[in-house]
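Read through the structure below, which is laid out as structure tokens, and then see the notes.
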Amino acid sequence: MRAVIDTSVLVSGLISPRGAPAQVLARWLEGRFTLLYSPSVYAEYEDVLHRTWLHERFAGLSNPVEPYLEAIRTFGQLVTGHVDVAGAVRDPFDEAFLACALLGQAHYLVTVDRDLLVLGAFAGTRTVTPAQFLAETSHRDTESPSRE
């Protein structure tokens, strides 16, 4: 199973160790699904995760930003190529996630962004909240872990 994770889900999962976003990240790190990312998606991850306000949230704590970026590069699957998704969604910044999902033939795009969620699906990729993703994929917890 392949999924693209929106930046907001990644950030939420890092900030709060409880909740659906953190559980999505934990499932990925357990090998329950393959995280797809493109150069533009990774650039956004890197930009947002290096913002001052986020580093201030981790002041005095073990900062998970660099280990997560390393994990994405190591265990994620880089998707390259170009596909035109211009106009598919209201916010042009969201187009990178749609393109990544399309190029990587993702089963899911996990997001809390209403502009993406309103799509329901895009070219065979379901756009779902972290809670929906967990509910729809919970049956895989009984199967052997796989990074397919």
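Taking every DSSP beta bridge that has both ends in the range 2-142, the antiparallel portion is near 15%. Computed from label points 7 Å out along Cα-Cβ, the spacing between H50 and A26 is 3.0 nm.
A simple rule links phi to the HN-Hα coupling: the Karplus curve 6.51 cos²θ - 1.76 cosθ + 1.60 with θ = phi - 60°, which for the range 43-50 gives 4, 5, 3, 4, 4, 5, 5, 9 Hz, with x for Gly and Pro. Close amide H partners of V79, meaning residues 5 or more places away or on another chain with modelled amide H under 5 Å apart, are Y37, S38. Shown for E70, E44: other C-beta atoms within 10 Å of each C-beta, ranked fewest to most, produce the order E70, E44. 3J(HN,Hα) couplings calculated from phi for the range 27-39 with the Karplus curve 6.51 cos²θ - 1.76 cosθ + 1.60 (θ = phi - 60°) are, in sequence order, 4, 4, 5, 7, x, 6, 7, 9, 7, 9, 8, 10, x Hz; Gly and Pro show x.
When shorter helices are ignored and each DSSP H run of at least 4 residues is given -39500 (n - 2.57), the per-residue value for the chain at 222 nm works out to -12500 deg cm²/dmol.
Could you work out the relative contact order of the chain, using alpha carbon pairs under 8 angstrom and six or more residues apart, expressed as a whole percent?
Values: 215 pairs, mean separation 49.6, N = 148.
The value is 34 percent.
Taking amide H as placed 1.01 Å from N in the peptide plane, the amide H of V4 sits under 5 Å from that of L36, Y108, L109, V110, each at least 5 places away or on another chain.
Projecting the Cα atoms of V83, P17, T127 onto the dipole axis of the range 2-142, where Lys and Arg carry +1 and Asp and Glu carry -1 at the beta carbon, places P17 farthest toward the positive end.
Assuming charge only on the beta carbon of Lys and Arg (+1) and of Asp and Glu (-1), the dipole of the range 2-142 about its Cα centre is about 420 debye to the nearest 20.
Scan the chain and report its longest stretch carrying no trypsin sites (Lys or Arg not before Pro) that are both in a DSSP loop and have at most 13 other Cβ atoms within 10 Å.
Numbers: sites that count: R18, R51, R90.
With trypsin sites (Lys or Arg not before Pro) excluded where exposed in loops, the chain gives 91-148 as its longest stretch.
Values quoted throughout were computed directly from the atomic coordinates according to the rules given, and no laboratory measurement underlies them. Computed from a predicted structure; not experimentally measured. So basically every Cβ, Gly included, is an ideal-geometry build from the backbone, and we count neighbours across all protein chains shown.
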